Every structure is written in C-alpha cells, then in structure tokens.
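The values are calculated or read from the model by the stated rules, or taken from the named source; none is laboratory data. Nothing here was measured: the structure is a model prediction, and the numbers come from that model. Note: ideal-geometry Cβ built from the backbone for every residue, glycine included; neighbour counts use all protein chains shown. Just the protein is used for accessible areas: all its heavy atoms, side chains included, with ligands, DNA and RNA removed. Shrake-Rupley method; radii C 1.70, N 1.55, O 1.52, S 1.80 Å.
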Amino acid sequence: MKRAWKWLWRRPAAYSIASMVAVGAVIGVIFWGGFNTFMEYTNTLEFCVGCHEMESTVYAEYKTSPHYSNPSGVRAICSDCHVPKDWTAKLVRKIQASKELYHWALGTVDTPEKFEAHRLTMAERVWASMKENNSRECRNCHSYEAMAFEKQHKNATKVMRKALDEGRTCIECHRGIAHKLPDLMLSFKGSLAGVGVSAGQHIAAGPRGVSLTDAEGGDLGRLLPGAPLTVVDSTGDLAQVEITGWAPKSYQVIITSALGERLSYAQLGDAGRDRRRIVEEASDLYGEGWEKVTLRGFAEKSALAQGVKPVWDLADRIYQSRCGSCHAAHAPATYTINQWPGELDTMASYGGLMGDELTLVRQYLQANAKSLLKPKKPAAEEEGDDL
C-alpha cells in the first residue's frame with residue numbers, strides 16, 4: 001500500500017491531480033454512502049421509538065391504529081407520515097429535527113404529564129405543516145385518483161367527493177388517525193384559582209363543570225359548563241355561589257336557562273332539589289308548568305371561571321377544531337336550543353368529540369343558539385296585520 005502511494009506521488013503532475021481526484025471521489029462515495037445510510041437508519045421505526053418519550057406515548061397509541069395493523073397487512077411507520085420521500089425535503093426535515101433533539105436533551109417532554117401539557121402545541125405544529133404541503137406524506141399511499149368510491153360507505157363517498165371538489169387536504173379531516181387527539185381543555189386560562197373573588201361577582205362554571213355541595217360537603221348536584229353564577233361568599237379554596245334558572249314541574253332535578261328552553265345549567269340530586277327556593281311559577285306555550293328557582297351551594301374555585309367568555313372561547317376553539325375539520329362548522333344560531341343536542345350527537349363521533357369536550361361544546365352551541373321565543377312584533381305591525 002505504501003509503495004502504491006509513493007508511486008502515485010512520483011508520477012507527473014497531471015497524473016498526480018488525476019489521482020487526487022480519484023481518491024477524493026472514493027472518499028466522497030464512502031462519506032455519501034455512510035451519510036445516506038445513517039439518514040435511512042433515522043427513518044426506521046426502531047430509531048423513532050428508541051426514547052421512552054415516544055415509546056410510552058405516541059408509539060403505544062400508534063399500535064392501536066389501522067396504520068399499524070389492518071386487514072391488508074400494509075403498515076405505515078413513523079417516517080412514512082412524518083418524513084418526505086424527496087431527498088431535499090427530507091434533508092430539510094432532518095435539520096428541523098435538531099430542535100427536537102434539543103428539547104429531548106432538555107427533558108421538555110420526558111414525563112407523561114409534560115408530554116400531555118405540550119401535546120397540543122406539537123400536534124398543531126404538525127397539522128399546520130401537513131396542511132401547508134397538501135398532506136404530501138399521506139399522498140404517498142392515498143390519492144383521490146386511486147379511490148374506488150363505489151366501494152366506500154355512502155357517507156364516506158359523499159364526504160370524500162365534497163372534499164375533492166373543494167380542494168381540501170387529508171389532514172383537515174383525518175386528525176387523530178394514528179395518535180390521541182390533544183386535550184384542548186388544558187389550554188384554558190380563565191380559572192378563578194389564585195384570583196380574588198368577592199361577593200356579588202358574576203362568574204361561571206368552568207369548562208369541565210363543577211360539583212355543588214352544601215356546607216358539610218354533601219352533594220347537591222353538578223353545575224354544567226358556562227352556567228352563570230353569582231358569588232355569595234368566598235372562603236379558602238371554595239366559593240359560595242347562587243344559581244338562578246327555570247325547571248319544569250314534571251322534572252325538578254334540573255335548572256335550565258329560561259322558561260320552555262332546555263339548556264341545562266345544573267343537574268341536581270335529591271338534596272339539591274329539596275334545597276331550591278321557588279321564586280316564580282309560570283306555564284310555557286304548551287301549558288306545561290315551570291318554576292323559577294334559586295339554589296346556593298359551595299364549589300371549588302379552581303373549577304370556576306372568571307365569567308362565561310373564556311369558557312365559550314375555549315368551546316368555540318374545540319368546536320372549530322373537531323367539527324370544522326370535515327366541513328365548515330355551522331354557526332351556533334343555525335339551530336335552536338332544543339335542536340342542537342340531536343344535531344351534535346349525530347356528528348360528534350366523526351370529529352372525535354366526546355366526554356368533557358362534547359358536554360362543553362353542546363352547552364356553548366345551545367347557549368348561543370337560535371331562540372325558541374319569537375320576538376314580539378312592534379305595535380304598528382300588529383295593527384297592520386288586521387287590515
């Protein structure tokens with residue numbers, strides 16, 4: 001080897017330059033091969049789930065998804081969805097991933113609690129990127145052109161054809177297909193915890209609702225998200241609050257927003273029903289008897305909100321995110337208070353809307369729905385009707 005090297009350098013200059021070029025090319029090929037091999041290794045499932053942050057969270061979720069196991073036996077791994085096939089775009093993505101390594105070193109999401117606290121931010125970043133590139137990685141396997149619409153369920157065909165006509169992209173409708181959707185409730189910033197509360201202050205039940213108890217801690221019932229409350233007194237971690245509303249005489253364990261309207265503010269137990277104070281009685285348009293009632297009890301400040309606006313702002317964000325992904329979300333005033341529950345329950349599962357989020361969004365839509373009570377016509381118009 002030494003003799004060959006000496007021979008190369010003893011040749012004329014032209015041969016020496018050619019030799020250097022050849023050696024450089026060999027070194028370049030070796031470097032390029034090693035670099036590309038390492039790049040491909042970072043695309044493997046084993047590499048992606050090699051840290052416990054991924055293994056105990058998104059990997060566990062992914063293994064329950066159809067991308068991991070399905071009737072066709074075709075598996076999409078992490079890189080199929082998150083790394084471009086085009087080499088230049090792939091290199092850009094790898095450079096961007098250096099930020100992820102930085103946060104790994106800092107331990108930003110090294111516990112399940114930290115991961116959940118950052119899940120929404122991480123998810124929204126991925127959603128925005130996929131929408132911007134027209135769901136490029138999804139289209140490596142899926143395309144409108146290759147779909148056999150006649151083999152799809154009729155509802156799926158209707159939605160997919162509409163999406164095709166409107167130029168919508170995969171991620172707008174298929175969030176949560178491989179990983180658990182973020183808990184948007186964690187973004188709520190309107191809690192009364194740590195905030196001064198005074199008698200007479202108007203507040204609201206928070207986005208998860210709140211239990212109402214008596215002075216001894218006995219259960220009175222549950223206040224639903226957004227229920228308007230008035231502070232009676234504030235002591236430690238509890239606030240004594242008063243709620244006012246209407247209840248049908250035939251079903252006295254609820255308190256609703258208005259006479260004849262079925263937006264529930266509270267669901268009461270027997271003790272709560274017995275402690276109500278009746279202040280007025282009336283009948284609705286159908287002759288059913290109603291009672292206007294008030295009820296006082298204690299609630300944890302951490303579950304109360306500084307008014308209804310931050311509660312409804314969060315509800316609208318969830319509604320737009322979950323229900324506005326497959327189509328434009330209907331304005332709350334599209335339906336009446338009594339129509340919204342049925343309409344929402346029909347579509348909720350398509351957007352992954354369930355649990356506390358479903359309850360919150362239902363309350364928001366009903367509270368801002370078209371009223372059942374028709375406004376009274378001005379006197380001049382009423383007189384004109386008789387002509």
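Restricting region 235-268 to residues that are part of a strand (DSSP E or B) and out of contact with any strand residue (DSSP E or B) (no Cβ under 7 Å at 6 or more places or on another chain), the residue that is nearest to N368 (Cα to Cα) is E261.
Given the criteria of a type in the set (D, E, K, R), more than 22 Å from T169 (Cβ to Cβ), touching a His at 6+ places or on another chain (Cβ under 8 Å) and at pLDDT 85 or above, does R93 qualify? Criteria not met by R93.
Filtering region 282-323 down to residues that are part of a loop (DSSP other than H, G, I, E, B) and of a type in the set (D, E), which residue is modelled with the highest pLDDT? It would help to see each step written out before you state the result.
Here is the first cut: in region 282-323, the ones part of a loop (DSSP other than H, G, I, E, B) are 284-288, 306-307.
Narrowing further to those that are of a type in the set (D, E): 284, 288.
Working: D284: 87, E288: 91.
Step by step, filter region 282-323, then rank; the result is E288.
Within region 180-209, if we keep just the residues that are touching a Lys or Arg at 6+ places or on another chain (Cβ under 7 Å) and not in a loop (DSSP other than H, G, I, E, B), the residue that is farthest from W127 (Cα to Cα) turns out to be M185. K309 satisfies every condition listed in (1) basic (K, R); (2) open to solvent by 20 Å² or more (accessible area, probe 1.4 Å); (3) in contact with a Leu (Cβ under 6 Å, 6 or more places away or on another chain) except (3). Taking the conditions (1) more than 24 Å from Q339 (Cβ to Cβ); (2) of a type in the set (A, V, I, L, M, F, W, C); (3) open to solvent by 50 Å² or more (accessible area, probe 1.4 Å) in turn, L285 satisfies each one other than (1). The listed residues are T213, T230, T169, and the only one of them that is touching a Ser or Thr at 6+ places or on another chain (Cβ under 6 Å) and among the polar types (S, T, N, Q) turns out to be T169.
Check region 346-354 and report whether any residue there is within 16 Å of P182 (Cβ to Cβ), assigned to a loop (DSSP other than H, G, I, E, B) and in contact with a Leu (Cβ under 9 Å, 6 or more places away or on another chain).
yes
Is one or more of the residues making up region 238-248 out of contact with any Lys or Arg (no Cβ under 6 Å at 6 or more places or on another chain) and of a type in the set (D, E, K, R)? Before the answer, list the steps.
Kept after step one, since they are out of contact with any Lys or Arg (no Cβ under 6 Å at 6 or more places or on another chain), are these residues of region 238-248: 238, 240-241, 243-245, 247-248.
Retained after the next criterion (residues that are of a type in the set (D, E, K, R)): none.
Taking every residue of region 238-248 in turn, none turns out to be out of contact with any Lys or Arg (no Cβ under 6 Å at 6 or more places or on another chain) and of a type in the set (D, E, K, R).
Scan region 328-347 for residues that are open to solvent by 50 Å² or more (accessible area, probe 1.4 Å), modelled with pLDDT under 90 and either closer than 24 Å to A163 by Cα or not polar (S, T, N, Q) (or both) and the total you get is 6.
Just a yes or no: is a residue in region 138-148 buried (at least 16 other Cβ atoms within 10 Å of the Cβ) and of a type outside the set (S, T, Y)? Yes, that holds for at least one residue. The C-beta contact set for region 20-31 (first residue without any contact (Cβ under 8 Å) to a residue 60 or more places away in the chain, second residue part of a helix (DSSP H, G or I), distance under 9 angstrom, 6+ apart or interchain) comprises M20/L8; V23/L8. Remark: pairs (first residue in region 353-370, in contact (Cβ under 8 Å) with a residue 24 or more places away in the chain and more than 16 Å from K309 (Cα to Cα); second residue of a type in the set (K, R) and not in a helix (DSSP H, G or I); Cβ separation under 7 Å; 6+ apart in sequence or on different chains) = D356/R208.
Residues in region 73-100 that are among the small types (G, A, S) and open to solvent by 40 Å² or more (accessible area, probe 1.4 Å): G73, S98. Residues in region 233-279 that are within 12 Å of R296 (Cα to Cα) and either among the acidic types (D, E) or open to solvent by 50 Å² or more (accessible area, probe 1.4 Å) (or both): D233, E242, T244, R273, D274, R275, R277.
Taking T230 as the residue in question, decide whether it is of a type outside the set (A, V, I, L, M, F, W, C) and either touching a Gly at 6+ places or on another chain (Cβ under 9 Å) or assigned to a loop (DSSP other than H, G, I, E, B) (or both). Full working, then the answer.
On the way: of a type outside the set (A, V, I, L, M, F, W, C): yes; either touching a Gly at 6+ places or on another chain (Cβ under 9 Å) or assigned to a loop (DSSP other than H, G, I, E, B) (or both): yes.
In short, yes.
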